[in-house]
Amino acid sequence: MGTTRTLREAAAATGGKAMRTAAEWTELVASAVDNTLTFNPLLGVRRRDVAESAAALARVIAAAPRRNSTHAARLLRELREIAGGSSAIAADPKDRRFADPAWQGNPFHKRLLQTYLATQGMLGRAVDESSLDERTKARARFFTSLAWDAMAPSNWLLGNPAALRKTVESGGRNVWQGARHMVDDLLHNDGMPTQVDASPYKVGENIATTPGQVVLRHEMFELIQYAPSTPKVHARPLIMSPPQVNKYYAIDLTPEKSLAKWAVDSGIQFFVISWRNPTVEHGHWGLDDYVLALDAAVEAAKAITGSADVNMWGSCSGGMTLAAYLGWLAARGEEKVAHVTWAVCILDTHDAFGDGALGIFNTPSTLGAAKARSRRRGIVTGREMASMFAWLRSNDLVWNYWVNNYLMGNKPPAHDILAWNSDNTALPGRFHCDLLELLEHNPYRNPGKLEVAGEAIDMRRVKAGAYVIAGTNDHITPWRACYRTARMFGPNSRFVLANAGHLQSLVNPPGQGKAFYMSGPASKADADAWLQSAKREEGSWWPDWRVWIQRRSGPRVEAPVRLGSRRYKPLGAAPGTYVLE
């Protein structure tokens with residue numbers, strides 16, 4: 001009875017909402033997806049790396065006892081102010097964890113939050129003001145962030161005012177439901193909180209529904225030709241090489257979000273490669289194999305459309321593969337690709353990891369360990385990559401769902417993009433090693449560092465028009481690094497910078513709220529100088545790309561009555577069978 005009364009009294013003092021609004025969930029979904037999609041998880045973070053990060057924090061504390069005693073004294077003063085109610089410490093207004101009004105209005109929760117923030121600030125100052133080298137400091141910050149995010153009062157029932165309120169209002173039903181969710185995740189999701197209720201979404205039924213046919217089934221991919229929706233189409237087709245680390249249908253979600261539908265409605269003969277989800281038996285597939293697979297897709301599209309060449313699109317790791325293909329064609333003196341759209345793709349990888357958590361673990365030993373593990377196991381599962389990267393962004397990808405699913409007892413949100421994101425794919429071990437080699441040796445900027453199918457790659461020999469897309473808020477493939485991709489193809493390349501994150505910069509249909517983009521030729525040597533001269537346009541970049549690609553897709557011809565050809569007969573309706581594996 002006493003405990004129940006205490007809970008009820010505390011809950012009564014906590015105003016605000018227990019449930020997130022649809023708009024708040026949309027923001028969280030965008031953040032979660034943008035924090036998950038990347039080729040960077042290929043590197044991995046070992047337990048040894050985390051242990052070394054903890055040791056780095058210990059060295060910070062031990063290195064300057066006098067300075068740290070000053071930090072401790074300051075913390076004691078702040079704690080006295082907190083206890084007396086005179087502290088002005090407050091959470092960042094953008095921190096969703098502490099948005100509930102009770103964090104300011106309820107004395108208990110206000111003091112709890114201020115104590116958490118004060119201690120966090122003390123640790124941060126100790127690291128920043130230490131005399132250790134920057135990499136050691138970065139590792140200490142990583143461990144501090146990982147541990148302190150876990151200890152946030154919002155993650156625990158008595159510390160979370162919204163969860164506490166719901167416990168009283170529901171008679172503890174949320175606790176029971178949360179326990180059931182936790183047990184289910186322990187049994188079926190490797191103990192990670194489930195991020196999405198994917199049950200409402202069925203591939204081929206209410207997502208990935210743009211009409212088309214599989215016109216080539218290769219061991220490594222299915223080639224989908226979309227049905228024309230206009231009386232006439234442009235003669236030169238467009239082939240998309242999507243990332244191998246995700247399934248292709250991010251570009252074909254609901255009709256209003258479908259880039260595939262937009263391309264078809266633009267009169268483009270559009271083909272997309274649906275990469276097969278590999279198993280251990282495919283562990284020998286490497287970059288050479290993926291490059292030759294692209295060539296098979298190009299030959300099929302050329303034969304079906306009667307075009308002498310094609311345009312192509314490469315996204316993220318699919319773009320890195322496409323670059324190898326273009327270099328291979330150039331080495332052979334073959335001109336099969338006229339123009340290329342590059343989406344959130346880094347080809348110059350000399351600082352691909354930057355100063356983020358993955359950057360501090362980008363060492364020869366870490367790269368060597370990742371490659372050795374892949375050679376030994378033959379496969380890198382999608383769940384492994386998603387779990388690892390989730391802990392690098394734990395507030396968005398772990399604790400957010402911990403609170404929603406376990407403390408509040410709610411089901412995770414149903415959302416088409418997150419449903420796609422949870423539809424994990426694996427990577428062949430050899431290809432994983434090849435991608436790590438690309439990150440390590442930066443061969444697209446260093447001729448002769450890469451050989452593909454017997455040809456030395458020199459990207460200076462590649463002559464293709466380029467349209468490059470990046471996102472201002474993309475921390476996965478940062479826009480300045482993407483700008484260097486545009487520069488690789490000459491000053492006349494068109495660079496477009498959307499005010500969005502990694503995936504949201506692509507799923508960017510017209511009519512989306514406050515969307516805008518910056519655009520212009522990649523004529524400046526420096527990305528920031530380009531930004532100063534770029535033109536701002538309101539709305540989505542899709543109409544801009546439509547004009548660009550139409551002008552480079554040849555004359556209009558009568559749309560084909562049937563898909564495929566005598567040699568490449570239709571094998572089944574889009575989205576095909578590989579996407580379901």
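The values are calculated or read from the model by the stated rules, or taken from the named source; none is laboratory data. Keep in mind the model is a prediction, meaning the values are calculated, not measured. Neighbour counts are summed over all protein chains in view; Cβ atoms, including those assigned to glycine, are modelled from backbone coordinates with ideal geometry. We work out accessible area using only protein heavy atoms, side chains counted, and drop any ligands, DNA or RNA first. Shrake-Rupley method; radii C 1.70, N 1.55, O 1.52, S 1.80 Å.
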Exercise. Looking at the stretch 513-556, which of the residues that are free of Cβ contacts under 8 Å to residues at least 24 places away in the same chain and among the acidic types (Asp, Glu) is surrounded by the fewest Cβ atoms within 10 Å (Cβ to Cβ)?
Worked result: 538
Exercise. Exactly one of (1) within 17 Å of the chain's Cα centre (by Cα); (2) open to solvent by less than 10 Å² (accessible area, probe 1.4 Å) is unmet by residue 467. Its number?
Worked result: (1)
Exercise. So is residue 77 in contact (Cβ under 8 Å) with a residue 12 or more places away in the chain and either crowded, with 21+ Cβ neighbours inside 10 Å or not polar (S, T, N, Q) (or both) or not?
Worked result: no
Seminar exercise, completed: (1) modelled with pLDDT of 90 or more; (2) assigned to a helix (DSSP H, G or I); (3) surrounded by 12 or more Cβ atoms within 10 Å (Cβ to Cβ) all hold for residue 56 apart from (1)
Problem set entry | Enumerated strands (runs of 3 or more DSSP E) restricted to the stretch 225-276, each holding at least 1 residues that are hydrophobic (A, V, I, L, M, F, W, C) and over 19 Å from residue 340 (Cβ atoms) | 232-234
Exercise. Restricting to the stretch 90-128, what's the tally of residues that are open to solvent by 60 Å² or more (accessible area, probe 1.4 Å), out of contact with any Asp or Glu (no Cβ under 9 Å at 6 or more places or on another chain) and not in a helix (DSSP H, G or I)?
Worked result: 5
Exercise. Being touching a Lys or Arg at 6+ places or on another chain (Cβ under 8 Å) and of a type in the set (A, V, I, L, M), is that true of even one residue in the stretch 490-505?
Worked result: no
Seminar exercise, completed: Flagged in the stretch 166-194 as assigned to a loop (DSSP other than H, G, I, E, B) and of a type in the set (A, V, I, L, M, F, W, C), in numbering order, are 192
Seminar exercise, completed: Checked the stretch 438-460 for anything surrounded by fewer than 21 Cβ atoms within 10 Å (Cβ to Cβ), more than 15 Å from residue 485 (Cα to Cα) and in contact (Cβ under 8 Å) with a residue 60 or more places away in the chain; matches are 440, 453, 455, 456
Exercise. From the list 131, 145, 170, 154, which residue is farther than 30 Å from residue 576 by Cβ and surrounded by 19 or more Cβ atoms within 10 Å (Cβ to Cβ)?
Worked result: 154
Exercise. Which ones in the stretch 332-349 are open to solvent by less than 10 Å² (accessible area, probe 1.4 Å) and at positive phi?
Worked result: 344
Exercise. Does the stretch 235-253 contain at least one residue that is under 21 Å from the mean Cα position of the chain (by Cα) and among the β-branched types (Val, Ile, Thr)?
Worked result: yes
For this session: Could you tell me whether residue 401 is hydroxyl-bearing (Ser, Thr, Tyr), at pLDDT 90 or above, open to solvent by less than 20 Å² (accessible area, probe 1.4 Å) and part of a helix (DSSP H, G or I)?
Result: yes
Seminar exercise, completed: When (1) open to solvent by less than 30 Å² (accessible area, probe 1.4 Å); (2) within 27 Å of residue 205 (Cα to Cα) are applied to residue 569, the one that fails is (1)
Problem set entry | Which listed residue, of 289, 197, is surrounded by fewer than 23 Cβ atoms within 10 Å (Cβ to Cβ), in a loop (DSSP other than H, G, I, E, B) and touching a Lys or Arg at 6+ places or on another chain (Cβ under 9 Å) | 197
Exercise. Within the group 186, 164, which residue is of a type in the set (A, V, I, L, M, F, W, C), open to solvent by 10 Å² or more (accessible area, probe 1.4 Å) and either more than 17 Å from residue 248 (Cβ to Cβ) or modelled with pLDDT of 95 or more (or both)?
Worked result: 186
Problem set entry | Filter result (over 21 Å from residue 376 (Cα atoms) and of a type in the set (Ser, Thr, Tyr)) within the stretch 410-467 | 422, 444, 467
For this session: Please work out if residue 216 is closer than 23 Å to residue 345 by Cβ, modelled with pLDDT of 95 or more and surrounded by 22 or more Cβ atoms within 10 Å (Cβ to Cβ).
Result: no
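Matching residues to (1) in contact with a Ser or Thr (Cβ under 6 Å, 6 or more places away or on another chain); (2) modelled with pLDDT under 90; (3) small (Gly, Ala, Ser); (4) under 26 Å from residue 409 (Cα atoms):
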position: 83; (1), (2), (3), (4): no, no, yes, no
position: 103; (1), (2), (3), (4): no, no, no, yes
position: 115; (1), (2), (3), (4): no, no, no, no
position: 128; (1), (2), (3), (4): no, yes, no, no
